[in-house]
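Asker: I'd like to ask some things about the structure below.
The values are calculated or read from the model by the stated rules, or taken from the named source; none is laboratory data. Since we're looking at a predicted model, the values are computed, not measured. Every residue, glycine among them, receives a Cβ derived from its backbone with ideal geometry; neighbour counts consider all protein chains shown.
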Amino acid sequence: MSVGKWILRVVLGLIGIAAAVWVFGMLLPRNHVATRIGTYQVSPDKVWAAITDVDAMPSWRIGLKSVTRLPDKNGLPAHIEDTAAGKLKIETLSMEPPRKLVNRIGGDNLPFGGTWTFDVTPTADGSTLRVTENGYVTNPIFRFVARFVMGYTSEMEKYLTGLAQHFGEKPQIGE
């Protein structure tokens, strides 16, 4: 077999794989809901303080390089997170201290978005933090990658792990 035929077969194979990923991505739902729960040996007030202190987050959040504050929107905080995935605008939609926070990924040109709802609950020996993502992924290839390669919960698990480490604890993460 000549080199030209070999290269053609490789190129056609790669096109076939990309087409299959696109088709499987089209078959997946655009929207998803995913949840993870972290358990901590600190009070709900300490959890609340950590998840709302945006300026301190780069010191404990895994993959968060920096944060830039924006003017409040509708009287609630907004900021830009510089992450490994790029810069993401985050807007707070509601705050019910010290138990519930809802943030939305903002921006018009993103192939994904949605909200993260943080529910802080007291326990006998500390607290839990439930993070629920109500998300969407518009691009079928990204949808496939989000579902089968990265997983819908990987960012939540990094968040909850970083928070545990911030409190000097081993991560205890569940569904």
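Asker: Is it fair to say I105 is out of contact with any Gly (no Cβ under 7 Å at 6 or more places or on another chain) and either more than 27 Å from Q172 (Cα to Cα) or surrounded by 15 or more Cβ atoms within 10 Å (Cβ to Cβ) (or both)?
Answerer: No, not satisfied.
Asker: Right, another one. Filter segment 127-160 down to the residues that are surrounded by fewer than 20 Cβ atoms within 10 Å (Cβ to Cβ) and at pLDDT 95 or above and list them by number.
Answerer: Correct list: T128, R130, T132, E133, N134, E157, K158.
Asker: Would you check which residues across segment 74-94 are at positive phi and either out of contact with any Leu (no Cβ under 9 Å at 6 or more places or on another chain) or small (G, A, S) (or both) and list them?
Answerer: Those that are at positive phi and either out of contact with any Leu (no Cβ under 9 Å at 6 or more places or on another chain) or small (G, A, S) (or both): G75, G86.
Asker: Another one. Looking at the structure I just gave you, is T161 in contact with a Pro (Cβ under 9 Å, 6 or more places away or on another chain) and closer than 19 Å to V42 by Cβ?
Answerer: On the way: in contact with a Pro (Cβ under 9 Å, 6 or more places away or on another chain): yes; closer than 19 Å to V42 by Cβ: yes.
In short, yes.
Asker: To continue, here is another question. Among the listed residues N74, N103, which satisfies the condition of being touching a strand residue (DSSP E or B) at 6+ places or on another chain (Cβ under 9 Å) and under 24 Å from Q165 (Cα atoms)?
Answerer: Just a single option satisfies the conditions, and that option is N103.
Asker: Right, next: Select from segment 24-39 the residues that are touching a residue at least 40 places away in the same chain (Cβ under 8 Å) and over 20 Å from the mean Cα position of the chain (by Cα) and write down the one among them that is surrounded by the fewest Cβ atoms within 10 Å (Cβ to Cβ).
Answerer: Filtering segment 24-39 for residues that are touching a residue at least 40 places away in the same chain (Cβ under 8 Å) and over 20 Å from the mean Cα position of the chain (by Cα), the one surrounded by the fewest Cβ atoms within 10 Å (Cβ to Cβ) comes out as M26.
Asker: Only residues in segment 90-110 that are over 17 Å from N74 (Cα atoms) count as the first member; pair them with residues that are surrounded by fewer than 18 Cβ atoms within 10 Å (Cβ to Cβ), Cβ under 6 angstrom, at least 6 apart or cross-chain, and list the lot.
Answerer: P98/D45; K100/D119
Asker: Among the listed residues S94, S66, identify the single one that is farther than 22 Å from S154 by Cβ, modelled with pLDDT of 95 or more and either in contact with a helix residue (DSSP H, G or I) (Cβ under 7 Å, 6 or more places away or on another chain) or not aliphatic (A, V, I, L, M) (or both).
Answerer: Just a single option satisfies the conditions, and that option is S94.
Asker: Does segment 128-143 contain any residue that is closer than 30 Å to A19 by Cα, touching a strand residue (DSSP E or B) at 6+ places or on another chain (Cβ under 9 Å), outside any strand (DSSP E or B) and aromatic (F, W, Y)?
Answerer: Within segment 128-143 (the criterion being closer than 30 Å to A19 by Cα, touching a strand residue (DSSP E or B) at 6+ places or on another chain (Cβ under 9 Å), outside any strand (DSSP E or B) and aromatic (F, W, Y)), the answer is yes, since at least one residue qualifies.
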